[in-house]
Amino acid sequence: LNQTLLDRLHLQDKVEQKLSPANFLQIRPPGKQMDHVTSEKDLAQMFLYRLMMLDYRARYIPVRPNSPKSSDDTKYLEDFYNPTVFLNTTVDTNKNENARVHPMDIQMAVFHYSDSFLKQMMITKLSQCQYALPLLVPDLVTNEILFPLWTFREIEKTWKVTQIKDDSTIVTMKSVPVYKAETTLVSFFRLGSLSVSKSQLMNTLINNRHDTFFHRNCPGSTKSCYLMDGVAEIAWYCPAGKPNDAFSDCIAFCNLHGDALLNKKQHDILIEKSSVNVFLVASLTRNKEIRSLMSSHLKAEKPLICLIVDDSRDAVETKKGKYIMGLSEKNLSDVSEQLKKIIREVLSSLKPSFQLESMAELSEIRLDETDPACERGKSAAMKIINLLTKDNMDVSKIKDEFLPCQSQLWHQWSKIHRELFHLRGNIEKENSDKEDKLMGIRQKQCAASCSKLMQLFTGSLSSLPPTDREYFLKWTQIFIDALSTDDVSSILQSYGEKWSEILALKNKQDKSDLLFKKQTELEDISKKLQSASFGLEHIFREMGQIYEAHKTTQRESRNTDWSKYPELAAQLMISGHPMELMDGDAGHMPLTWISSLLEEVIKKLGDQRVFVLSVLGLQMSAGRCTKGAFMQLLKVSEEMKKDLKFDYVVVVNTEGLRALEVEGNNTLHHGKELATFVVGLGNLTLINVVGENLSNMQDILQIVVQAFMRMKEVKLSPSCVFVHQNVTDVAAAEKKMDEKRRLQEKLDHMAKLAAKEEVYDAECFSDVIDFDVQKDVKYCAQLWEGSPPMAPPNPGYSESIQEVKNTILSKASKSAGITLSQFKTKIQDLWTALLNESFVFSFKNTLEIAVYRQLEVQYGSWTWTLRSNMLTIENQLHNRIENGKLDEVERSYLFNETRKTYEEVRKEMTKYFEDDREKEILAQWRGRFEIKMKDFHDEQVNKVKRKLDGVIQQKKACKKLDEKKSEFENKLLQKSKELTQQLKDKAKDEEELQRQFSSVWSGWVTELTADTKPVEEINLEKDQLTILQELGFEPTLIDECKRSGRYKKLSDVGDYSVYIKTGGNLLISFIQKHISSGFSHEEQQQIRSLIVQAEKESLHAIQSKPVVTTGYSTTYLHEVANHVTLELQKFLSEKEYTLRKEFRVDLLLHVFCRAESWLLESQKKFVKNNDAKAYLESKQTQYYRVFRSFCKENCFAVVLGELICEKLTASTVEAVCNKTAIDLAGRMRCNFPAFNGNRLNLEKHVLKSLAEKENFYDFITYITNPRKQMEAFIKAEVEKHIFRDHKDEAVNILKKNVDDIETTVSQALFTATQKVHTQKGDTDMWLNEFSNILKDELTIDNIFSENFSDIKDFHFLKEEIQKGFKSITEKMSSLSLDKLKESRHKPEEILIDQLCNCCWVTCPFCAAVCTNTMKDHSPDDHSTPFHRPGGIKGYYYRKTKELCVTVCTTIVTSEGCFYNSSEKYIPYKQYRTAGPPYDTWSITPDGSKLAYWKWFVCQFKTQLEEHYEKNFMGRGAIPDLWKKISKDEAIKSLDEMF
């Protein structure tokens, strides 16, 4: 029979693998219908599902098949209309009964086939539904009697005892675990079969409106119930302390199902434990066995009530404590009232003697807690409880004694940590002192962290198997709860009374003083409650503090394996245990602990996607509600994964926001903080609104609206759902519409108020968040159906909650959620920003930053693809121009050539923005980056066009010489032939040939260049001296300035005060203003800016001159000198001081020095392109070989082959070097760590390199001219990588390019020869075809074909050239890499163009450079993680010589102020209101975490003081903590910045 029932309920597979909480603690699909199922196999699941939702209708779930009419229904209708059948009185009335499963069979089947944890959960929910609970349960197989004490362990009962003393009524509240409750027990028994329902009668005693015990007249009841016979159920009546209470104290009622005569063992157990026994019998005379049993009970001492069904007598006390009452001809209500009266009389003289826990002592029953795993868990928990109770310590002192890290020490740490964000006075010293105090507290925590309690707890957590561990945690919580029950109950009663008094004062006049007094008293009670409250969460909190202390100090502990704590907690979180996110007592978050905990969760689960659901609302109870914030991980069931884009839901549950009029204004900041945190953290925030009166919620709504507004400002986009709790009438649609309208109006009003406080433009709530009042507001019925403590939950409430769940899932289905790692960083970002008063200014979206940094890396790859493609095109066109095949470059042609690559890059971009897992975040930058990529592409095209236009201009400028070259070439060939005829007989004497050729060569050159003017050599040093003298400077002064060498690093000078001109009234005025410090920092910066600007403008002016095409002219330097002089005069005319002549000379020498290298290089190119003599001299070796070949009587094909090979040699070297430079640059950009990331990555490597070398002057260059130092770094790294560390790799690339050129030339030879052979062409055709094929690869000077017109065998010519070119390429394979330094393209220059085309704007406070990869990244703010003490740049405190040690990231959280460029006094916290350039910078407060610059200040203190002629003293004294930082720590700190 049982097996059949299991099959019908689809539980047959649960005999071995029982149901567990994991089956239900998942995100499951929303129920399509909750009022029925379509198949019996769903009954068990639906029962549990509805029970978990506290829907007491779970006991009756009808089965309604999907088909319109079942065959049974059809047969029934046929029988109904058949007169014969209709009139047949013998029809089987049980036929249809067999088709239905009894509701209690469903309940007991689920009970039997659930594991102990689900049983406990199930019984707890049944208790909350005010249902009777299984007390004695016969085993289905052995028939043993099971006492499921474990299932009662989490149930707590609360009631109010009414006593009358001295004519006054005293009401006392009690709240105890039900297994410890000492009550009287009234047991009911049935003897034989009865026509009345015992269970129904019992219900009238306990709750007349609710069926506590299931009875025959309940919906769904059937005659056949298989699993309840012999089951004893128990329920408690809990009085409310009101006059209409049925009983004045708590009473347990027990109901033995079935005939007591047939269930003797259960009967005996209950008789023994009961205070009063109630028997229901049909008659005392008909059955001898019944008569005998009742006779024995009448003789016993225990009170007895006998209810006789067939008797009509009134209640009679036959002897003391023995009552008989007839039920015949009496209604149920009258019987109930009489019975209550009898029970009250009997119990008035009895003391409570029943306690559930004492049942475990009975030998006749089997206790469920004897399970080995349960016993092991209990044993481990008992060790902890024995430790806590051995000295009878007061509960309020347990936490201080056994959990020392979380009380005073943690609260003190939290307070000081918050103070870090409100520094005053000497900011860095105060910051350093507080950091020192924080470390001291952490060390104290470490010393106190080895308590026996924590050793026992963590030892059990780590050593017990999963099931034992779960029992251990449950037992520990059960025992701890039992410890504090009495204390908490009395405190709660006081709290409730005081709360009521405060609420009552609201409507009174002149209440402020009294209200304040009551609030203070309430706060004192709250502190008592806080001390007495003790749970598992406090032990986990202690684990967190121990971990944070050891992690911070890196101290090892003999007794504490602290490093394992996050893993232990992660295991529990994965299994569904809530973990504390924010400590509500300290009002602080253990960020290190939370981060490590989530990292462990990620290790175990992978970086799963989660949907974060935050819950926020008004605190409704004065009980032990959620304090702070907790997070719980819920798995998405397999059937839901197809509809959702995430794997888990993280529920962030928070303490309620307490009403300000009750708690006072001191809760406002905490409320804002909590609301901002959970709203920012959640993908969706559930906002609980209590009742229908919104006026009570005004303060809370304003806090919530303000939180959403802050999210909008920092580009976070959560959504929200408002849930109205305890709404009395949720049926009237019109009323709901009106309520929604009022809520909308209230939210709009709150949005305006919040906008004023946040200085934000918002007219209505929808300006702040995407909100639809029709869809995003839900109404929930009242929780209780009646008045507690006996009221069951309202089924309408469960339905409302189901609706809310459906709404949540609907919204969640449209979200991809975030990854666990993103969740972790979001916690960090929000909390760090909250610690600052200005959340919006302080918020640092780490996730967004990380996504943007990765986008920067991609941007670098995309731009490199375009750049390298453009370099290749530039090379090809450059060769084409040099070969005379191209005399104009059109932009349209360049765009066409790059189109394919550009389109490929655009496709890559599209794919990245659309397919990346962070595409939602990336979307905000897509349009901007697409525009930037187009701009970059256009810029590259324009740049290449300019360069090629320059080459074309050079080519045109050299046209005259090019024409001469052809003439020279022809004449040289003729002269070589003529000389050959004279020296044929000496062809074998190489030395003689060399001598003879050399003797005539100079004559040939003189003869051929007789009518050309040679280019004069230039002397820049002489010209510079002349110009300076013409400007009126003495030669001795010029010589002195040159010898000092100051001019070379003029822009890096620390203090320009040495250049102040002495004498005159101007100086007196200036000294009076700057009596102690010379130039102010602003003035120092202005002079430095003048120098940098002069250098930049002068270089630009010089580089715009046509030196390469027309040659150098002294007028170029004259123009620069005059411009610099005028700019200096203009600068000084606006100042109150003047500068010595030495500065003017140094400035001009500095500018000349910077221009010198470019002028010399350009003049060299001019000479090469325009000096005929120099050109001819370069051809001597080439024509000696031609001459020698003629002497050896080689045929013209051999001579032409040698000549071509000779011409190809230099061109091939240039082509190979250019290609190798591009390849090496590309290889380093992709593979070299410093170059393969974004700008931030490069900056880190530059700083690491500076620290490793410890060269102070390199540091100064970086500080004053970061681009210059970065270029130097790139050059040095390229030199090191290519020419030393990876030389072999570079050589292999060069060899490959040589092979490629060889292949290209061979292909050209074959094609040219094939064409001439096919078309029967001549030498001229062959040369034209050959050079045309190679026009993009190599440059080939013209060769006069008429000198070689006799050549007929072009195959022979091809082989000769191949042979000669092979020899060239073999030599080139061993070519020195130094040749790369002479090529047109150089790898370091290519990389500088690629990597330095970024933002170079510096921080207005510390001059640290912005680390954005894009040059113009507006509207994004400038930012850098490398802010530094101002003294590094030479900043000092006004009217002192004290260098600043304050760091921007600390000072922007301080209470200090600064002067902006308009001399306006601006608070640092509002630095963005100071106007340009401050308003374009985002400086995120991080408490000066970067150790790098602190180490630098300590390491180079003396040099910095000498350089700036200032001191680190007074307010600028270096904090002692800085001096402890090592170089390794400094370098390591760079990697922590992002």
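For the stretch 375-431, with all protein chains present and a 1.4 Å probe, just round the carbon and sulfur fraction of the accessible area to a whole percent.
48 percent
Which ³J(HN,Hα) values, rounded to whole Hz and listed in residue order, are derived for the stretch 326-337 from phi using the Karplus coefficients 6.51, -1.76 and 1.60 in 6.51 cos²θ - 1.76 cosθ + 1.60 with θ = phi - 60°, glycine and proline given as x?
x, 10, 5, 6, 10, 7, 4, 5, 5, 4, 4, 5
Over all directions, what mean area does the Cα convex hull of the chain project, stated in square nanometres?
That works out to 82.7 nm².
How much of the pair distance distribution for the stretch 273-383 lies past 24 Å, counting alpha-carbon pairs only, in percent?
When all Cα pairs of the stretch 273-383 are counted, 44 percent exceed 24 Å.
Let me have the relative contact order for the stretch 218-334, percent, based on Cα pairs under 8 Å that are six or more residues apart. Display every interim value, and only then the final one.
Details: 151 pairs, mean separation 18.8, N = 117.
Averaging sequence separation for qualifying contacts and normalising by length gives 16 percent for the stretch 218-334.
Given contacts defined as C-alpha pairs under 8 Å and at least six residues apart, what's the relative contact order of the chain, whole-number percent?
Computed over the chain, the figure is 7 percent.
Sequence neighbours fewer than 8 away in the same chain don't count; with that in mind, list the lysines whose C-alpha is under 19 Å from K444.
Filter leaves K399, K415, K434, K452, K551.
Once you order the gyration tensor axes a ≥ b ≥ c over the Cα atoms, which shape class does the stretch 1422-1473 get: rounded for a/c under 1.5, otherwise prolate or oblate by comparing a/b with b/c?
Taking the square roots of the gyration eigenvalues as a ≥ b ≥ c, the stretch 1422-1473 is oblate.
For the stretch 1428-1538, what does the alpha-carbon gyration tensor say about shape, rounded, prolate or oblate, given a ≥ b ≥ c as the root eigenvalues, a/c under 1.5 as rounded, and a/b over b/c as prolate?
oblate
Where q = 0.09, 0.18 Å⁻¹, what log10 of I(q)/I(0) comes from the Debye formula for the stretch 204-322, counting one point per Cα?
Reported log10 I(q)/I(0), two decimals: -0.30, -1.23.
Roughly what would the spin-label model give for K1489 and N244, points 7 Å off Cα along C-beta, in nm?
6.2 nm
Given a 1.4 Å probe, how much area per residue of the stretch 187-278 is accessible, in Å²? Walk me through the numbers before you get to the answer.
Details: 3180 Å² over 92 residues.
Value returned for the stretch 187-278: 35 Å² of accessible area per residue.
Enter the accessible area per residue of the stretch 898-957 (Å², integer; probe 1.4 Å; all protein chains in place).
Counting only protein heavy atoms, the per-residue value for the stretch 898-957 is 57 Å².
How much length would be gained if the chain were fully extended between D1528 and D1300, taking 0.36 nm per residue of separation minus their Cα-Cα distance, in nm to one decimal?
77.5 nm
Working from Cα positions, state the angle (0 to 90°, nearest 10) between the long axis of helix 891-915 and the longest principal axis of the chain.
20 degrees
Greater than 21 Å separation of Cα atoms is the criterion. Which listed pairs, K844/K1489; K1253/K1494; K955/K1358; K1248/K1280; K1268/K1415; K180/K397, meet it?
From the list (K844/K1489; K1253/K1494; K955/K1358; K1248/K1280; K1268/K1415; K180/K397), the Cα-Cα distance tops 21 Å for K955/K1358; K180/K397.
In terms of modelled amide H atoms, which long-range or inter-chain residues lie less than 5 Å from the amide H of L581?
When sequence neighbours closer than 5 places are left aside, the close amide H contacts are A629, F630, M631.
Share of antiparallel DSSP beta bridges in the chain, in percent to the nearest 5?
Of all bridge pairs located within the chain, approximately 45 percent are antiparallel.
Report, in whole Å, the centroid distance computed from the Cα atoms of the stretch 403-458 and the stretch 847-915.
Result: 55 Å between the Cα centres.
Rounded, prolate or oblate: pick one for the stretch 1101-1250, where a ≥ b ≥ c are the square roots of the eigenvalues of its C-alpha gyration tensor, a/c under 1.5 means rounded, and failing that, prolate if a/b is larger than b/c, else oblate.
Here the stretch 1101-1250 falls in the oblate category.
Per residue, how big is the convex hull of the stretch 410-504 when only Cα atoms are used? Give it in Å³.
Once divided by residue count, the hull of the stretch 410-504 is 190 Å³.
Please enumerate, by chain and number, the lysines with C-alpha under 19 Å from the C-alpha of K1352, excluding those fewer than 8 residues away in the same chain.
K1315, K1320, K1363
Using every Cα-Cα pair within the stretch 821-905, state what percent have a distance larger than 20 Å.
59 percent
By how many degrees, 0 to 90 and rounded to 10, does the Cα axis of helix 116-128 deviate from the longest principal axis of the chain?
The angle comes out at about 60 degrees.
Could you work out [θ]222 nm for the chain from helices alone, using -39500 (n - 2.57) per DSSP H run of at least four and dividing by all its residues? Round to the nearest 500 deg cm²/dmol.
Helix contribution divided over all residues of the chain: -17500 deg cm²/dmol.
Just how many % of Cα pairs in the stretch 1483-1538 lie over 13 Å apart, if you round to the nearest whole percent?
63 percent
Relative to the first principal axis of the alpha-carbon coordinates of the chain, what is the inclination of helix 1196-1231, with its axis defined by its Cα atoms, in degrees from 0 to 90 and to the nearest 10?
Approximately 30 degrees, to the nearest 10.
Compare D211, D166 by solvent-accessible area with a 1.4 Å probe and give them largest first, with all protein chains kept in place.
Ranked from most to least accessible, the order is D166, D211.
Which value in Å is the Kirkwood Rh of the stretch 1186-1295 over different Cα pairs?
Values: mean 1/r = 0.0578 Å⁻¹.
It works out to 17.3 Å.
Once you compute Rg and the Kirkwood Rh from C-alpha atoms, what is the Rg to Rh ratio for the stretch 186-238? Display every interim value, and only then the final one.
Values: Rg = 11.3 Å, Rh = 12.2 Å.
Rg divided by Rh gives 0.93.
So, R0 is 22 Å and r is the distance between the beta-carbons of E1289 and E1252; what FRET efficiency does that work out to, to 0.05?
Values: r = 23 Å, r/R0 = 1.06.
Result of the calculation: an efficiency of 0.40.
In the stretch 1454-1507, what percent of the accessible surface is made up of carbon and sulfur (1.4 Å probe, ligands and nucleic acids excluded)?
That share works out to 48 percent.
Under 16 Å between alpha carbons, and skipping anything fewer than 8 positions from K322 in its own chain: which lysines qualify?
K322 reaches K299, K302, K340, K341.
Which value, in nm² and rounded to one decimal, describes the direction-averaged projected area of the C-alpha convex hull of the stretch 222-269?
5.0 nm²
Which one, C306, C1444, Y797, is farthest towards the positive end of the dipole of the chain when Lys and Arg carry +1 and Asp and Glu -1 on their Cβ?
C306
Between K319 and T1012, with labels modelled 7 Å along Cα→Cβ, what's the label distance in nm to one decimal, could you check?
Result for the modelled spin labels: 14.8 nm.
What FRET efficiency would be calculated for the residue pair Y893, K41, taking the C-beta separation as r and a Förster radius of 56 Å, to the nearest 0.05?
0.15
The values are calculated or read from the model by the stated rules, or taken from the named source; none is laboratory data. Keep in mind that this is a model prediction, so the values were computed, not measured. Quick reminder, even Gly has a Cβ in these numbers, built from the backbone with ideal geometry, and neighbours come from all protein chains shown. These accessible areas exclude ligands, DNA and RNA; they are computed on the full protein's heavy atoms, side chains included. Shrake-Rupley method; radii C 1.70, N 1.55, O 1.52, S 1.80 Å.
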